[in-house]
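A quick write-up on the structure given underneath.
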Amino acid sequence: MNAVRPDVRLEAAPMQPVACTTCEAEVLARKSSWDQSTLQWDATALERCIERRTTPARSERPNRNAFAGCAALRASIREAAVRGELDVQSDDPLRTNPEAIHD
Amino acid sequence: MTSNDQVRRIEVDAGPRRFARGWHCLGLARDLADGKPHQINAFGQKLVVFSGEDGQLNVLDAYCRHMGGDLSQGEVKGNEIACPFHDWRWGGDGRCKQIPYARRVPLRARTAAWPTMVQDGMVFVWNDPEGNPPPADVTIPRIPQVEDDRWTDWIWYETVIEGANCREIVDNVVDMAHFFYIHYSFPTYFKNVFEGTSAYQYMNGDGREDVRPPRPSKSNPAVLGTTSVAAYHGPSFMIDEVTYHYEDLDVDTILINCHYPVDENSFVLQYGIIVEKKDGISDEEADLMATKTGAFIKYGFEQDVAIWKNKARIDNPLLCEEDGPVYQLRRWYQQFYVDAADVSAEMTDRFEFEIDTTRPNEAWRAEVEQNLAARRS
Ligand code: FES
Ligand SMILES: [Fe+2]
């Protein structure tokens, strides 16, 4: 079978490296807007991640034992975007409290 | 007409010539373990599923190695399946155990037996084009709620989808917008995570006022919203944990959405539902809720099917930034179609994608308003 094609959206704006400020795991990230994020891990980064290693209580639910994501990395990516080190594709200004509107 | 060089062309790669490696659910044990042979057309072949006196569920190639009789038209005798043509008896291990009219069984009287597993009331078969047994770490998560009295029994549906490759249904896991347009839901939060052999979808949604009953009642309450965690465990078996939020209570459900390929261009879609009987909900109410949820999901899949039957296979989808990670999902899905030795890190490495729902939600709110206005006038 054919090789898998790359995401067409990466043609104009590729993934960029970002490091977690807590564990220094390096991932590739992309933000099309302040509230969108794409995150590519590799094995080395996943091993580094501290939140990943702290196992929460086992759930009785079949899908609730998966690692949903790292909060420290999420914050690091946002900071990198705020500092201008990670591009944000949309030109919408950063809302002062972007988290609030989802509540 | 637009000149050709301005037109984006739909590209179609050659479809896979093999079927995905992994556990595939064939249906419920209560239906398949009834002592009768069941014919299952899967993976481009005809299979027979049967359980003998020992209760063991077996899956064999349906064509008898003697003269090609169809074992699925045969009869279960003891622990074996007897061919309808000359009564040769085949065991669950694929070996011919007995030929009633012969002094002895010839050499190499062996047919293909498929690894099977019965778990939480469901029958699974392992498909591997390379013929290897299932690795110990490739599993389907347990669903302890199935055995729990506080949950209803499975309500189960099966439907054959002709004219579509099963990749179409797998694509749904990243397709946020279609949940609004096809399934009358209103996603407000949407995130995918792929890692290893699993592909997760975290989705929260608001109730749609424009599809609600105009006058909600106790037997027909308004859904205010949903919280859902869904995941493919392997290429074809999805568990979806959905909580429906009503005005005065939350109802937890577990849905199964699974399929097996019949051939490259058709598949059997199955889905099942169990519902938690919360305090204050009678068994009857919970069963009714399960039936209603099932009917709603059935309706949703019918909408999908109408799309699949008419759409083109497309390997270069043109995406906007508010679409989900279609390409990365297909990269993950590819791992099941290559030899185990050729599964690369990029297919299984963890990948996360969170959609910004701001703009879609603005557009959808406006559309819901319009529908409500049209309903009022
Ligand atoms: S073909 Fe099956 S017994 Fe002869
Ligand atoms: Fe769908």
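Derivation of every value follows stated rules applied to the coordinates shown; laboratory data play no part. A quick note: this is a predicted structure, and the numbers were derived from the prediction, not measured. Note that each Cβ is placed from the backbone with ideal geometry, even for glycine, and that neighbours are counted across all protein chains shown.
A few comments on the model shown:
- When B:Thr227 is tested against (1) out of contact with any strand residue (DSSP E or B) (no Cβ under 6 Å at 6 or more places or on another chain); (2) more than 20 Å from B:Ile161 (Cβ to Cβ), just one condition goes unmet, and that condition is (1).
- Test set (1) touching a helix residue (DSSP H, G or I) at 6+ places or on another chain (Cβ under 9 Å); (2) surrounded by 14 or more Cβ atoms within 10 Å (Cβ to Cβ) - B:Asp356 fails condition number: (1)
- For region B:22-44, the criterion of being more than 29 Å from B:His233 (Cα to Cα), out of contact with any strand residue (DSSP E or B) (no Cβ under 9 Å at 6 or more places or on another chain) and more than 16 Å from ligand 2 (Cβ to nearest atom) is met by no residue.
- For region B:269-313, filtering for residues that are basic (Lys, Arg) and either within 14 Å of ligand 2 (Cβ to nearest atom) or crowded, with 16+ Cβ neighbours inside 10 Å (or both) leaves 4.
- Between B:Tyr327, B:Tyr299, the distinction of being in a helix (DSSP H, G or I), within 12 Å of chain A (Cβ to nearest Cβ), without any contact (Cβ under 8 Å) to a residue 60 or more places away in the chain and out of contact with any strand residue (DSSP E or B) (no Cβ under 9 Å at 6 or more places or on another chain) belongs to B:Tyr327 only.
- Scanning region B:330-345 for residues that are free of Cβ contacts under 8 Å to residues at least 60 places away in the same chain and part of a loop (DSSP other than H, G, I, E, B), we see that the one that is farthest from the other protein chains (Cβ to nearest Cβ) is B:Val343.
- In the set (1) touching an Asp or Glu at 6+ places or on another chain (Cβ under 7 Å); (2) more than 14 Å from chain A (Cβ to nearest Cβ), the condition left unmet by B:Leu255 is number (2).
- Residue match in region B:162-174 (condition: among the acidic types (Asp, Glu), away from ligand 2 (no atom under 13 Å from the Cβ), outside any helix (DSSP H, G or I) and in contact (Cβ under 8 Å) with a residue 24 or more places away in the chain): yes
- Within region A:31-47, tally of residues that are among the aliphatic types (A, V, I, L, M), at the interface with chain B (Cβ under 7 Å from one of its Cβ atoms) and either at positive phi or surrounded by 19 or more Cβ atoms within 10 Å (Cβ to Cβ) (or both): 1
- Where a residue in region B:62-89 is more than 16 Å from ligand 2 (Cβ to nearest atom) and its partner, wherever it lies, is among the hydroxyl-bearing types (Ser, Thr, Tyr), with Cβ under 6 Å and at least six apart: B:Ala62/B:Ser72; B:Arg65/B:Thr111
- Strands (runs of 3 or more DSSP E) (entirely within region B:19-134) containing at least 1 residues that are in contact with a helix residue (DSSP H, G or I) (Cβ under 8 Å, 6 or more places away or on another chain): B:22-28, B:38-42, B:45-51, B:57-61, B:80-82, B:116-119, B:122-127
- Residue in region B:221-244 that is without any contact (Cβ under 8 Å) to a residue 40 or more places away in the chain and outside any strand (DSSP E or B) present: yes
- In region B:314-324, the residue that is farthest from the other protein chains (Cβ to nearest Cβ) out of those that are surrounded by 14 or more Cβ atoms within 10 Å (Cβ to Cβ) and free of Cβ contacts under 8 Å to residues at least 12 places away in the same chain is B:Pro317.
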